[in-house]
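Only one structure is covered here, and it is reproduced in the block below.
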Amino acid sequence: MDLRLTADDVALQERARAFTEDVLTPLEDECEEHDGLTTESHARAKRAVLDANFNAINHAHADGGQGHDLFEQMLIEEQWGRATGALWDIPWRPSIPLAAGTEEQKERYLRPACRGERRDAYAITEEGAGSDPTMVQTSAKRDGDGWVLNGEKWHVTSGDVADFFLVHTHVDGDAEKATIFLVDKDAPGVRLVRTPKYMHTFVFEHPIFAFEDVRLDDDAILGEVGQGFELTKDWFVEERLMIGARTVGAATRALELSLDLAKDRRQFGQAIVDFEAVEFMLADMAAELMAAKSMLYRACWQAARGSEGSRSERDQRERSPQGRGGADRKELHALAAAVKLVCSETAGRIVDDALQIHGGRGYMREQPVERLWRELRVDRIWEGTSEIQRLVIGNELKKRGPGIYTGWPGVSG
Ligand SMILES: Cc1cc2nc3c(=O)[nH]c(=O)nc-3n(C[C@H](O)[C@H](O)[C@H](O)COP(=O)(O)OP(=O)(O)OC[C@H]3O[C@@H](n4cnc5c(N)ncnc54)[C@H](O)[C@@H]3O)c2cc1C
């Protein structure tokens, strides 16, 4: 078993780390102090994304993306996750279900989004529909040759900078006919309801939008009527793995900052790192981080490359995010749930200890650990709460047994 990263992987990781340090972290104070970035800073950062070829890391070259597999995406997102203010969201990653569009839809939405000329936001959640998307009330009804869409969506991340939405809708109000509609933000009937404030400082907003008698043609349907839940699940899987990556990156930074501070800070005549209470906190942080990271890397490797043969064989073909070289769709869903659960919960404990080790300074917004403490809380909630991840894992155990979690790639049974 060779656990070493390839030279290409290491180079990619270093490039992502440099991008974080050169482009993202210098924007942290501005983002925190002004609750977002100025138009000029955002434009400069967008330019830097394009210059570094970090636009659309999750889409195929053919659509204008970078063609990175899930393992490579994870390596990149881990480094970006070190930045506070959710600045990792500046490098746009158009939602993966857009790859299921028709040629015309790709030309209109996906490819401009990969180039950074358009931006999407994914709208599933509603006031009455969160963990259970079958409760969605947004509905589309046939009207002549087209459709009329009505509903209201909550927490639409990046909805302020997006210019189109993937709207999770029930055709005829029937959950069996869950369908994704592509809706332009400037379409008549789309209305910004309000932009609530949240606990974290996020470079963009999470507004509420109403869809009031929005008229759409058949070509607004992504995939087919009834395919909505499947497409949304693909999005969840990718996002859950990337949450795993970013929380591990964030927790690594929190540990590094805490160790540095504990070595420097002196109380009672000695460095606080030499108090066993502090040393043991650091020890737990390091050990738990190692466990979470090992799991993240293993699951992403399995998802991307688990049964692909040699690296050169893999390089023979265009790598695309859909080219899941190991785990099938169901396995990936099961793995992603465990990764998100463990990484987000572990990182939550680590940033809490990091804040404690920083003492009163840790409570100051000018300190990265304070921001990480606020920001990582949502990782146990969005893209499925920790309880929902446990439900996915529990269902997997009941249906297929523990193998996917307790076994190892290459070993059957
Ligand atoms: C900052 C932010 C950004 C977001 N961005 C987006 C976005 O871009 N697009 C989008 O569509 N949504 C987005 N969301 C919504 C997010 O995905 C939901 O908040 C999340 O799925 C939980 O749904 P809910 O808030 O309705 O909570 P609820 O579903 O009401 O859950 C409340 C509590 O009940 C628990 N619970 C619910 N069902 C069960 C069960 N079966 N078993 C055990 N416990 C259960 C939950 O775990 C939770 O603790 C965002 C949310 C936030 C906070």
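What value, in deg cm²/dmol to 500, does the helix sum -39500 (n - 2.57) over DSSP H runs of n ≥ 4 give at 222 nm once divided by the residues of the chain?
-14000 deg cm²/dmol
What does the convex hull of the Cα atoms of the chain come to per residue, in Å³, rounded to a whole number?
Residue-normalised Cα hull volume stands at 147 Å³.
Each residue of the range 101-114 in turn: what ³J(HN,Hα) in whole Hz from Karplus with 6.51, -1.76, 1.60 and θ = phi - 60°, glycine and Pro shown as x?
For the range 101-114, the Karplus curve yields x, 6, 3, 5, 5, 5, 5, 7, 10, 5, 5, x, 5, 5 Hz.
Counting other beta carbons within 10 Å of each Cβ, put LEU5, LEU282, LEU376 in order, fewest first.
Ascending Cβ contact count within 10 Å gives the list LEU5, LEU282, LEU376.
Which longest uninterrupted range of the chain lacks any GluC sites (Glu not before Pro) assigned by DSSP to a loop state (not H, G, I, E or B) and surrounded by at most 15 other Cβ atoms within 10 Å?
Of all site-free stretches, the longest is 1-116.
Work out from phi, with θ = phi - 60° and the Karplus expression 6.51 cos²θ - 1.76 cosθ + 1.60, the ³J(HN,Hα) of each residue of the range 134-148, listed in order in whole Hz, and give x for Gly and Pro.
Karplus-based 3J(HN,Hα) across the range 134-148 equals 5, 7, 3, 9, 4, 10, 10, 10, 4, 8, x, 7, x, 9, 10 Hz.
Take the cross-link list LYS106/LYS185; LYS141/LYS330; LYS106/LYS153; LYS233/LYS399; LYS263/LYS293 and give me the ones stretching past 20 Å between alpha-carbons.
In this structure, LYS141/LYS330; LYS106/LYS153; LYS263/LYS293 exceed 20 Å between Cα atoms.
With θ set to phi - 60°, apply the Karplus curve 6.51 cos²θ - 1.76 cosθ + 1.60 along the range 333-342 and write out the HN-Hα couplings as whole Hz, x wherever there is a Gly or Pro.
For the range 333-342, the Karplus-derived couplings read 4, 5, 5, 4, 5, 5, 4, 5, 4, 5 Hz, x marking Gly and Pro.
What's the whole-number percent of alpha carbon pairs in the range 87-179 lying beyond 15 angstrom?
Counting every Cα pair in the range 87-179, those more than 15 Å apart make up 64 percent.
Determine, for LEU12, LEU75, the number of other Cβ atoms within 10 Å of each Cβ, and report the residues in order from fewest to most.
LEU12, LEU75
What residue among ILE221, ILE350, ILE243 has the largest mean-square fluctuation in a Gaussian network model of the chain, using Cα springs under 10 Å?
It is ILE221.
Using amide H atoms built in the peptide plane, which far-off residues or other-chain residues are under 5 Å from TRP92 H to H?
ALA56
For MET1, MET281, MET135, which order do you get if you count the other beta carbons within 10 Å of each Cβ and list the fewest first?
Fewest-to-most Cβ neighbours within 10 Å comes out as MET1, MET135, MET281.
Computed from the coordinates by the stated procedures, all read-outs in this text should not be read as laboratory data. Keep in mind the model is a prediction, meaning the values are calculated, not measured. Cβ coordinates were reconstructed from backbone atoms using ideal geometry, including for glycine residues, and neighbour counts include every protein chain displayed.
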